[in-house]
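The values are calculated or read from the model by the stated rules, or taken from the named source; none is laboratory data. Since the model is a prediction, treat every value here as computed from it, not as a measurement. Note: ideal-geometry Cβ built from the backbone for every residue, glycine included; neighbour counts use all protein chains shown.
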Amino acid sequence: LAQGTAIRLQVSPVRFGAMVDALVYRGLLSGHRNWVTSIATTYEQSNLVVSSSRDKKLMIWELTPGAGDEEYAEKGSGIGYARKLLSGHGETVACVVLSSDGQFALSGSWDKTMRLWDLNTGATVRTFHGHTKDVNSVAFSGDNRQIVSGSRDKTIKLWNTLAECKYTITEDMHTDWVSCVVFSPSAKMPLIVSAGWDKLVKVWNLSNCKLRTNLVGHTGVVYVATVSPDGSLCASGGKDGTAMLWDVNDGKHLYSLD
């Protein structure tokens, strides 16, 4: 969890195959000099965490083995350390995501650019230019071959990993800032889902970048959206304090959590 200028590590300990339904505070990762805006990790490398911040930097953190264990925590041992500091952006780094293999990070910034980072060397591999305002959200496709970005310029852009913009969605677009973009994890349902300050969640066909449906129901800015592994469900949350679950296929609202 990002909180202020530090990252608080909380885990749900597993005991005998059962997941405990409570988060347990394990420690603090400190190093950024301004607000932490985003954190990312992967299933493949769960000991690796990358954070972004308003200090214009990203940090690669290595979690210490056993840091999520109660006995380990009681010994007072550190939970991890900063492995690398990534510099290059000229303004706030708003978001960061990792490739599924944990080898690369992708960041979006208020300097209107995105950067692809090699996490082994800490070097910028590519810089993406094209947005005319802050980049709020970025995402990798499931195969790591495509990238999508959303911006305050009210556009969504589709890129390859060579930093070439392949398509800019402008038709049927959000009428306000784009706050979140994600790919559907399902190869059988190639979709992009976006959320915006216009209170809408939009579902796009990846094959032609055309609007499939609008998910209407939020009464405030929608900050985040995610898609289930099989691509059939979407969850969204925003300023109205409500999390909503949607059927992606027919655009129906299924449940709300207030």
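Of the residues that make up segment 20-31, is at least one within 15 Å of Ile60 (Cα to Cα), of a type in the set (A, V, I, L, M, F, W, C) and modelled with pLDDT of 65 or more?
yes
List pairs: first in segment 186-200 and farther than 13 Å from Lys239 by Cβ, second β-branched (Val, Ile, Thr) and assigned to a loop (DSSP other than H, G, I, E, B), Cβ under 8 Å, 6+ apart or cross-chain?
From segment 186-200, the pairs are Met189/Val248; Leu191/Val248; Val193/Val248.
With respect to Ser99, is the statement that it is farther than 30 Å from Asn205 by Cβ and either at pLDDT 95 or above or over 19 Å from the mean Cα position of the chain (by Cα) (or both) true?
No: the conditions fail for Ser99.
Which one is nearest to the chain's Cα centre (by Cα), of the residues in segment 106-163 that are in a loop (DSSP other than H, G, I, E, B) and of a type in the set (S, T, N, Q)?
The residue in question is Ser141.
Looking at Val193, Val224, Val203, Val248, which is the one that is aliphatic (A, V, I, L, M) and surrounded by fewer than 18 Cβ atoms within 10 Å (Cβ to Cβ)?
Val224
Within segment 168-205, count every residue that is touching a His at 6+ places or on another chain (Cβ under 8 Å) and among the small types (Gly, Ala, Ser). Give the steps one after another, and end with the answer.
Going through segment 168-205, the residues touching a His at 6+ places or on another chain (Cβ under 8 Å) turn out to be 194, 196-202.
Applying the additional criterion that residues be among the small types (Gly, Ala, Ser) yields 194, 196.
Within segment 168-205, residues that are touching a His at 6+ places or on another chain (Cβ under 8 Å) and among the small types (Gly, Ala, Ser) number 2.
Can you name the condition, by its number, that Ile147 falls short on among (1) surrounded by fewer than 22 Cβ atoms within 10 Å (Cβ to Cβ); (2) modelled with pLDDT of 95 or more; (3) under 28 Å from Leu48 (Cα atoms)?
(1)
Checking Cys209 against (1) in contact (Cβ under 8 Å) with a residue 40 or more places away in the chain; (2) on the phi < 0 side of the Ramachandran plot: exactly one of these is not met. Which one?
Unmet for Cys209, out of (1) in contact (Cβ under 8 Å) with a residue 40 or more places away in the chain; (2) on the phi < 0 side of the Ramachandran plot: (2).
Take segment 81-124 and flag every residue that is touching a residue at least 40 places away in the same chain (Cβ under 8 Å), of a type in the set (S, T, N, Q) and out of contact with any Phe, Trp or Tyr (no Cβ under 9 Å at 6 or more places or on another chain).
Ser109
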